[in-house]
1. Does the stretch 459-466 include one or more residues that are within 30 Å of Val553 (Cβ to Cβ), touching a Phe, Trp or Tyr at 6+ places or on another chain (Cβ under 9 Å) and not in a loop (DSSP other than H, G, I, E, B)?
2. Identify the residue in the stretch 66-85 that is buried (at least 17 other Cβ atoms within 10 Å of the Cβ) and among the β-branched types (Val, Ile, Thr) and, among all such residues, is nearest to Val45 (Cα to Cα).
3. Condition first: surrounded by fewer than 20 Cβ atoms within 10 Å (Cβ to Cβ) and part of a strand (DSSP E or B). Now tell me which residues in the stretch 426-440 satisfy that.
4. Is one or more of the residues making up the stretch 693-701 farther than 29 Å from Arg779 by Cα and either touching a residue at least 24 places away in the same chain (Cβ under 8 Å) or touching a strand residue (DSSP E or B) at 6+ places or on another chain (Cβ under 8 Å) (or both)?
5. Would you be able to say whether some residue in the stretch 574-582 is crowded, with 22+ Cβ neighbours inside 10 Å and modelled with pLDDT under 95?
6. Among the residues of the stretch 218-250, how many are under 26 Å from the mean Cα position of the chain (by Cα) and either among the aliphatic types (A, V, I, L, M) or not assigned by TED's automatic domain parsing to the domain that holds Ser583 (or both)?
7. Within the stretch 592-632, can you find the residues that are closer than 30 Å to Ala649 by Cα and part of a strand (DSSP E or B)?
8. Quick one: which residue in Thr724, Thr677 is under 26 Å from the mean Cα position of the chain (by Cα), part of a strand (DSSP E or B) and without any contact (Cβ under 8 Å) to a residue 60 or more places away in the chain?
Amino acid sequence: MFEGMTKWIIGGFFLLTSIQSLAQHLSLRGKVEHRGAGVSQCLVVLNDSLQGLTDRQGNFRFKNLKKGRYKLLVTHVDYKPLVTEVYLVSDTLLTPVILEESKYELNEVVVKDKRGEQTKRQYTFNSDWVNQEFIRQNLSGSLMQTLEKLPGVNAMYIGSGQSKPQIRGLGFNQVAVVDGGLKHEGQQWGADHGLEIDQFAVGSVEVVKGPASFLYGSDAIGGVIRVNPTPPPALHQLNLTYTGALMTNSMGITNALVFNMRKHKWYTDARVTFRDYGDYKVPTERIFVYDYEVLLPKGYVRNSAGQDRNLHLTVGRVTEKWHHRLAVSNVFNTSGFFANAHGLEPRRVNSELHDQSHRDILLPSQKVNHFKALFHTERDGEKRQWEMDLGYQINHRQEHSAYVNHGYMPVTAPEEGDLERKYFKQVLSGQIKDKFSVQNHELQWGAQYEFQHNRIGGWGFLIPAFEQHLAGIFLHDKWQINKEESLQFALRFDHARIHIHPYQDWFPSLGDEKVVRVEETKRNFSSFNASLGWRKEGDYWSLSSHLGSSFRVPLAKELAANGVNYHYFRYEKGNPDLDPEKSYQWDAGIRGKGKLIDWEITPYFNYFPNYIYLNPTADHDYLYGAGNQIFQYEQSKVMRYGTELVIKAALTKQVDLSFNGDYLYSEQLSGSKKGFTLPFAPPPSGRMELTYKPWTSTYFRTDVKHVLAQNRIVPPEKKTPEYTLWGMAAGTNLKWGKQPLEFSVQWTNILNTRYLNHTSFYRLIDLPEMGSNINILIRVPLSLAI
């Protein structure tokens, strides 16, 4: 089998590299400088159609050009735009393009949008790109709640300060999160487990919709959240930036401080974020949990407070061709769970004790610490780019709750009586990528490896300890047929090995015997995938299409779970015979660009021959509880299709109107739930936004979001009614003497609407989402020449 695959890979490589172009292909190269030093991350636009970003040394290059006159535009958020003309008759190297410093009020929004277009041109799958400005202007309680304004992107809420990503209805381990080049490894399988990423330390975020397994491997079957670091600071410059934020609903307070500097070839960047938030409020003072009335005085959700303590340190070295970066971070969060509904059973809690303070964190609660050390090195040559990443991660998660003996569990609590579950994960990972050009082909190959070491603890049990190895290689070819049209082809092979350790109860069940919950299991998985993409661009339109396969390795939870999930009050059992999840997807992009209106439609179709899902059975467990229903992992055929729509209109020079909407339909085609949809399927939604910019650095915005009812559900899900939310925001850049200041305010859920979020962790107990809230942000940047 491997010999046949090797022939396919080698054959595909030589077939694509042997194609010759008959057209004339000229190149244009140049360098952008300021005070003799190269300027990175400049947007270089040629004839308002072709565009790219300068590299670490300020270099840029355009290929496959025809003879003629071109307009060259260079922009950067810190410098004045520069426009010049170039007449091309042969391969040309321009004299250095010199930029002048700009005032602080330079319009960043234009640059942001154009960089987003550049990101979409890199591959044929659909993607969105946002920068720090977008995050500040749309700031919410967590990174994914902030990104939820993008079409096709949803946040799976876990209270007010935690969430996890969902792209086109797929979440958990079906969406990969890549931080600094390597896959972020937390405990993504848990519905109550958030994403350990500090949004105040993010440089930019790219959201890839649809399968991206050929670049990132397993877990990218539904899409990728790619978190990019901030670029190195300007040469001979020291920056100190303070950001403060206030969230009125939970009285959340955030203080973030950034210090970075660059002297000659070396630079450093240090960041610290402290965030404290109290119990959040919902627009009701009474809910029913399984027909049991729970009072919420003044709408406070008991024990939903939390704290974040995050540290980041980066040291790097930049030369003409090399860039080395070592980044170390530690993200720590402690937060409470809603005290009256831990495990979906009404709890007898000391309401008086909880209601004395809305900022303390009592039981039940969770503590998560994520340590990460990433080393990145890259070489930028004229015709070849090479990069390598090495990483080490530790994810330590503890879930605390009052000890309750179930089944044969002893009445007396063990030594650490409130430690219900502990998960300790260590990850070693690495990758290499090599990109080079042959004629009009841009070829890239890469190899990746990851090793996971997982251990468990606590008096509760759900998944066993395990080790996992993942390795993959890929080949990608972008064939630039002509200036307007390109074809992309990718091949990837992956192999995975998982070793699941046996587990037996720490207490006797029948006589002196301890029940063996999990037998030792060793599984190997292999997968071969391919994709084909096409893109064609005109002056005012573009078309793209992408067809490919992707895969996902079954989780240890899916293979070997055997315990009560008290968050959902059910007994979950794994299936050691599961196959890797396979997906085939087609998606397309149809885009139009005019003087007043830009629009984009991105339809997709997705088929799973063996989708992994948790199936409710007719059996019940009486050994570890009072008859919890047993849910077991199974596989079935699944069909999914949908689309996103984006329209942006410039009504006047100062007024913009935008709309984005998304629709998803999913159906199980086989198995006991044939005809049903999939869990956590987001309903159709639309968002409209009106923005007024009287000056370059000032904006006023109002928006409305309407979400349709979700009546297609999978038991034990409940139907979710439709709702409408109104919001507004404003922001400006000010000067205090010579000191620039950035100020913004955002008011969400203005009407204090009571609504239910279908993808929220607390949806099953009918707990409404956060009520009216005002976010206030102030940013104080200070820069000095050194």
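The values are calculated or read from the model by the stated rules, or taken from the named source; none is laboratory data. What you are looking at is a predicted structure, and each value in this text was computed from that prediction instead of being measured. Here Cβ is always computed from backbone atoms with ideal geometry, including for glycine, and neighbour counts include all displayed protein chains.
1. Looking for residues that are within 30 Å of Val553 (Cβ to Cβ), touching a Phe, Trp or Tyr at 6+ places or on another chain (Cβ under 9 Å) and not in a loop (DSSP other than H, G, I, E, B), one finds none in the stretch 459-466, hence no.
2. Val74
3. At the first step, the residues of the stretch 426-440 found to be surrounded by fewer than 20 Cβ atoms within 10 Å (Cβ to Cβ) are 426, 428, 430, 432-440.
Once the filter is applied, which keeps residues that are surrounded by fewer than 20 Cβ atoms within 10 Å (Cβ to Cβ) and part of a strand (DSSP E or B), the stretch 426-440 yields Gln426, Leu428, Gly430, Ile432, Lys433, Asp434, Lys435, Phe436, Ser437, Val438.
4. Taking every residue of the stretch 693-701 in turn, none turns out to be farther than 29 Å from Arg779 by Cα and either touching a residue at least 24 places away in the same chain (Cβ under 8 Å) or touching a strand residue (DSSP E or B) at 6+ places or on another chain (Cβ under 8 Å) (or both).
5. Within the stretch 574-582, not a single residue is crowded, with 22+ Cβ neighbours inside 10 Å and modelled with pLDDT under 95.
6. Residues that pass the stated criteria total 8.
7. The first filter runs over the stretch 592-632 and keeps only residues closer than 30 Å to Ala649 by Cα, leaving 592-605.
Residues satisfying the conditions are Gly592, Lys593, Ile597, Asp598, Trp599, Glu600, Ile601, Thr602, Pro603, Tyr604, Phe605.
8. Criteria check complete, one pass: Thr724.
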